[in-house]
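S.K.: I have a structure I would like to understand better, so I am pasting it below and will then ask my questions one at a time.
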Amino acid sequence: MPSEERKSFLLRIDPELWRELEAWAADELRSVNGQVEYLLRQAVQKRKRAQAAEEEA
């Protein structure tokens, strides 16, 4: 993980989605913030792989 200062921002989220994320995070021994960051990192990596595959085609 980069050693840069972390950015913070306000996120408005549906209460039901919050409960789902909270339960999922607890299952994986993460905070909700950690779980959201983990999911975003996965999504970014998936997008990068898809873009690279498109460029090769």
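The values are calculated or read from the model by the stated rules, or taken from the named source; none is laboratory data. Keep in mind it's a predicted model, so treat the numbers as computed, not measured. No Cβ is skipped: glycine too gets one built from the backbone with ideal geometry, and neighbour counts run over all protein chains shown.
S.K.: Quick one: what pairs do we get from region 28-57, first residue under 17 Å from Ser8 (Cβ atoms), second aliphatic (A, V, I, L, M) and surrounded by 10 or more Cβ atoms within 10 Å (Cβ to Cβ), C-beta under 7 Å, 6+ apart or different chains?
M.R.: Ser31/Ala25; Val32/Leu21; Val32/Ala25; Gly34/Ala25; Gln35/Leu21; Gln35/Ala25; Val36/Leu21
S.K.: Then there is this: Taking the condition at positive phi and among the hydrophobic types (A, V, I, L, M, F, W, C), does Leu29 pass?
M.R.: For Leu29, the condition - at positive phi and among the hydrophobic types (A, V, I, L, M, F, W, C) - is met.
S.K.: Take the residues in region 1-32 that are of a type in the set (Lys, Arg) and closer than 23 Å to Gln45 by Cα; name whichever of them is modelled with the lowest pLDDT.
M.R.: Ranking the qualifying residues of region 1-32, first place goes to Arg6.
S.K.: Considering each residue of region 24-45, count those that are surrounded by 11 or more Cβ atoms within 10 Å (Cβ to Cβ) and part of a helix (DSSP H, G or I), and give that number.
M.R.: Of the residues in that region, 12 qualify.
S.K.: Okay, moving on. For Glu20, indicate whether it is loosely packed, with under 10 Cβ neighbours inside 10 Å and among the charged types (D, E, K, R).
M.R.: no
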